[in-house]
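Heads up, the thing below is written out as structure tokens.
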Amino acid sequence: MVQFSMTYTNSPTQEITFNNQKFFIKRDDLLHKDFSGNKARKFYFFLENEFKDVKKVVSHGSCQSNAMYSLSCLCKIRNWKFDYYVDHIASYIKENPIGNYKGALENGMNIKELEVPLEFEKETLFIPEGGALEEAKFGIKILADEIIEWAEKTKQEDLKVFLPSGTGTTALYLQKYLPFEVLTCACVGDSEYLKKQFNHLESQNHPTILQMEKKYHFGKLYKEFYQIHKKLKMQTDIEFDLLYDSLGWLCVSKYLSDEENNILYIHQGGLLGNISMMQRYKYKFDS
């Protein structure tokens, strides 16, 4: 067993008031400055177990992906090479690296602007986009156990656990291990896409999907995302992720913010990605 575990689990739970309603926040953004949020939970299996034959990790996605940065941290810790494949890198990002892209490059990522190869050399570990893989349940089980322990200690009743979803992996495995209802919303694609992602990993015991009336396109800028992000920071003094948490809190505000709901919201981490997102938001809405 590799001894890295002490600083990457057991995040605190904090009570906040937002829009005059009480919520609990599972502060997975505070797990570690370099390895936090749901991606740290998903990739914890690869941090804690022996992989004697692995020398390189290969993955793919966007050039500002939270998963990309988290994998670069993992590979730096494990002294593995890291090849990451993207469809496209905008010229201004290449010329002015920022956010997750800059951080991953500094961690030694080798980025390749081409299609992911179908075959890999030996001693290579392939991790699909966003960390949608069965091994993710190792770290998510630990997260579930932390939630159960906290709920028992604080005598929570009728607790609901909410988190926004990309691939839905974290929400799916949390529902597998928690005795509470897990609620989520689709941030990438729609609810049908999210159901397919669930079924790819497990065919039953799925979390509840709350559907927004408006369709949001992942990575696009929405004024309401920017507004709720600023409102959350002002009222709670907590910075949330602009890609996932903004939609998550809009969903919470629509469906769940009343006194009859006892909500534990799981912070998605990913704050390094806010640097580039905030630049875009300020340019579009503040200039």
>> I'd like the distance between the alpha-carbon centres of region 94-119 and region 185-215, rounded to an integer number of Å.
In response: 29
> Can you list the aspartates and glutamates whose alpha carbon is less than 15 Å from that of K122, not counting same-chain residues fewer than 8 positions off?
Replying inline: D53, D83
> Rule-of-thumb check for region 147-190: C-alpha Rg over 2.2 N^0.38 Å?
Replying inline: 1.26
> Okay, helix-only estimate at 222 nm for the chain: each DSSP H run of n ≥ 4 adds -39500 (n - 2.57), divide by all residues, round to 500 deg cm²/dmol; what do you get?
Replying inline: -11000 deg cm²/dmol
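What is the dipole size for region 41-131, taken about its Cα centre, with +1 at each Lys and Arg Cβ and -1 at each Asp and Glu Cβ, in debye to the nearest 20? Let's see the in-between values first.
Numbers: 12 positive and 13 negative charges, 69 e Å.
That gives region 41-131 a dipole magnitude of about 340 debye.
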>> Could you tell me how far the Cα centroid of region 122-163 sits from the Cα centroid of region 224-287, in Å?
In response: 21
>> With a 10 Å cut-off between alpha carbons and a GNM built on the chain, which of M68, M277, M212 moves the most?
In response: M212
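Can you check how the C-alpha radius of gyration of region 41-131 compares to 2.2 N^0.38 Å, as a plain ratio? Numbers along the way, then the final one.
Working: Rg = 12.6 Å, N = 91, 2.2 N^0.38 = 12.2 Å.
After normalising by residue count via 2.2 N^0.38 Å, the value is 1.03.
Compute the Rg/Rh shape ratio of region 175-287: radius of gyration over Kirkwood radius, all on alpha-carbon atoms. Walk me through the numbers on the way to the answer.
Numbers: Rg = 15.1 Å, Rh = 15.4 Å.
Here the Rg-to-Rh quotient is 0.98.
Which whole-number percent is the relative contact order of region 36-148 (Cα, under 8 Å, 6+ apart)?
Numbers: 164 pairs, mean separation 44.3, N = 113.
Reported relative contact order: 39 percent.
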> Per residue and in Å³, how big is the convex hull formed by the alpha-carbon atoms of region 101-196?
Replying inline: 163
> Per the Kirkwood definition applied to all pairs of different Cα atoms, how many angstroms is the hydrodynamic radius of the chain?
Replying inline: 19.4
>> With +1 assigned to the C-beta of every Lys and Arg and -1 to the C-beta of every Asp and Glu, and no other charges, what is the dipole magnitude of the chain about the Cα centre in debye, to the nearest 20?
In response: 620
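Values quoted throughout were computed directly from the atomic coordinates according to the rules given, and no laboratory measurement underlies them. This is a predicted model, so every value here is computed, not measured. As a convention, Cβ positions derive from the backbone with ideal geometry for all residues, glycine included, and neighbour counts pool all protein chains shown.
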